[in-house]
Structure formats: C-alpha cells, structure tokens
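The values are calculated or read from the model by the stated rules, or taken from the named source; none is laboratory data. It should be emphasised that the depicted structure is a prediction, and the values quoted were computed from it without experimental measurement. Quick reminder, even Gly has a Cβ in these numbers, built from the backbone with ideal geometry, and neighbours come from all protein chains shown. Just so you know, the surface numbers come from the protein's heavy atoms only, side chains and all, with ligands and any DNA or RNA stripped out. Shrake-Rupley method; radii C 1.70, N 1.55, O 1.52, S 1.80 Å.
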Amino acid sequence: MEGVSTRHMKCMGVWASGTTYINFEDVKVPVENLIGKENKGWNYVMYNFNHERWGLIVQTLRFARVCYEEAFKYASKRKTFGKPLIKHQSIRMKLAEMIRKIESAQCWLESITYQLTTMKKKESNMKLGGAIALLKTHASKTFEFCAREAAQIFGGAAYTRGGVGAKVEALYRDVRAYAIPGGSEEIMMDFGSREAVKKFERFSRM
C-alpha cells in the first residue's frame, strides 16, 4: 500500500518472529478496509488484552518447563567429581525451586483458564483482568528464574550457541520477549493492585 514502509528489527531473542518497524506516511485507508467502527481501535485492543495475556502466560510457562526438563536430563547424565550432577544437593535444590515455581504458576493458570471458559466475556473482563495481569508477571519471573538456573546447571554449555545447551541458551535470550509484550511486569503489577483496590472500594460500599 502506498505510504507504508517496513524495516526488519533485530531483536535479542525470538529471531523467527519477524518483528518489524512499520512506518505510515500519508496513508489513505479505503472505507471498505475498516475493521469495526472508526476511532474505536483502542477499545478493541483493550477488549482482547485478557486473551492475549493468557496466551503469553501459556507460552511462558511451557518455556519455563522446557528449561527445567533440559536441566534435569543434563544433570542426570553429566558427571562431576565422579558422580552425576543431580547427586549434588545444590543442584537438586535448584531443580526443586524451578519445579516448585512452575507448578504453582500452572495451577493458577488452570484456575484462570477454567474461569475464562465458563464466564461470559463481559464478566471475565470485569473480574479476571487483575488476576491475569498478576499471573503474567508471575509466569515471566518464573521463566526468567528457570532460564537462569538451567544455565547455571549447564554451565559453559549454555553460554555457547549450539550443542547440548542450545535450547537453554536460546530461551535465556527469549525471556524479555515474554516479560515485556502484553504489558511489562511493572505495569502488570500496578494494574493488578489497582484492580484489587477498585473492587474493594466498590464492594465495600455495598
């Protein structure tokens, strides 16, 4: 379309995403290309935030689990000082912390998912926005923790691209791609808190 130009953006992680800078200059959009009502685009974006963040949470927790799985398998076969890494208490503690955080987040996700699928859209938007925002932060922080701990277990193998630590190295770079889009951790924490205050003030007057 005339007036539209694009430029590929080189990002830290998720290299296959095709993240692109789009520039619009005096672009004329045909009336028949209008989606929804004019000047209501922001409302449509806001209306879909819960679902977008839910999708990011699902991906984030899956990647956290991959970090755990890769680290567990590697620790079971890699030997140091004559025994597998997993026989060292400090390594088992790392793995225990990882799965403890993952499973708690998974339980919260399943609870939210049930509510999303049983509530009407309007009700879920009103009641679940704050909880989903907080869960997104919990998930991205869990992913970041697991990526770091997995890298520590792999050692130098997770610092180089390729080889046995390739997945962990790539996922460590991908963390920010899930902590920022859909609302950064700081924005999500503030939003979740504000939603709790708003509901408290509303229902305490009833």
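Determine the gain in length on full extension of the stretch F200-F24; use 0.36 nm per residue of separation and subtract their C-alpha separation, reporting nm with one decimal. Let's see the in-between values first.
Working: separation 176, 0.36 × 176 = 63.36 nm, distance 4.32 nm.
The span from F200 to F24 would gain 59.0 nm if fully extended.
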Worksheet item: When the chain is treated as a GNM, springs tying every alpha-carbon pair under 10 Å, which of R53, R161, R176 comes out with the largest mean-square fluctuation?
Response: R161
Worksheet, complete the sentence: Rounded to the nearest 10 degrees, the helix 185-204 long axis (Cα) sits at an angle to the longest Cα principal axis of the chain of 60 degrees
Worksheet, complete the sentence: If each K or R counts +1 and each D or E counts -1, the residues other than C11 whose Cβ falls under 11 Å of its Cβ total +2
Worksheet item: Within straight cross-link reach of K37, meaning Cα distance under 21 Å, which lysines are found once same-chain residues fewer than 8 apart are removed?
Response: K28, K121, K122
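Rounded to the nearest 0.05, what FRET efficiency do F49 and E97 give with R0 = 25 Å and r taken as the Cβ-Cβ distance? Could you check? Don't jump to the answer; show the numbers that get you there.
Values: r = 31 Å, r/R0 = 1.22.
Approximately 0.25, to the nearest 0.05.
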Discussion item. Mean-square fluctuation check for the chain, GNM, Cα pairs under 10 Å: which of E110, E185, E169 is largest?
Written reply: E110
Discussion item. Taking just the alpha-carbon atoms of the chain, what radius of gyration and Dmax come out, in angstrom?
Written reply: 21.3, 72
Worksheet item: Taking K73 as the anchor, which lysines have their alpha carbon closer than 25 Å to its alpha carbon, excluding any fewer than eight residues away along the same chain?
Response: K83, K87, K94, K101, K141, K167
Fill in: Between 0 and 90°, nearest 10: helix 49-77 axis offset from the chain longest Cα axis
10 degrees
Fill in: Crossing angle, helix 89-118 versus the chain [Cα axis fit, 0-90 degrees, rounded to tens]
30 degrees
Fill in: Cα-based reach from K199 at 18 Å (exclusive), listing aspartates and glutamates while leaving out same-chain residues under 8 positions away
E123, D190
Response to the item:
Under a Gaussian network model of the chain whose springs join Cα atoms within less than 10 Å, the largest fluctuation of G156, G13, G36 belongs to G36
Worksheet item: Counting each DSSP H run of 4 or more residues in the chain as -39500 (n - 2.57), what helix-only mean residue ellipticity at 222 nm follows after dividing by all residues, to the nearest 500 deg cm²/dmol?
Response: -22000 deg cm²/dmol
Response to the item:
For G183, the net charge from surrounding residues (Cβ-Cβ under 11 Å; K, R +1; D, E -1) works out to -2
Discussion item. Can you sort C11, C67 by solvent-accessible area, 1.4 Å probe, largest first?
Written reply: C11, C67
Practice prompt. Kindly provide the chymotrypsin sites (Phe, Trp or Tyr not before Pro) of segment 60-163 that DSSP labels as loop, not H, G, I, E or B, and whose Cβ sees at most 11 other Cβ atoms within 10 Å.
Written response: F81
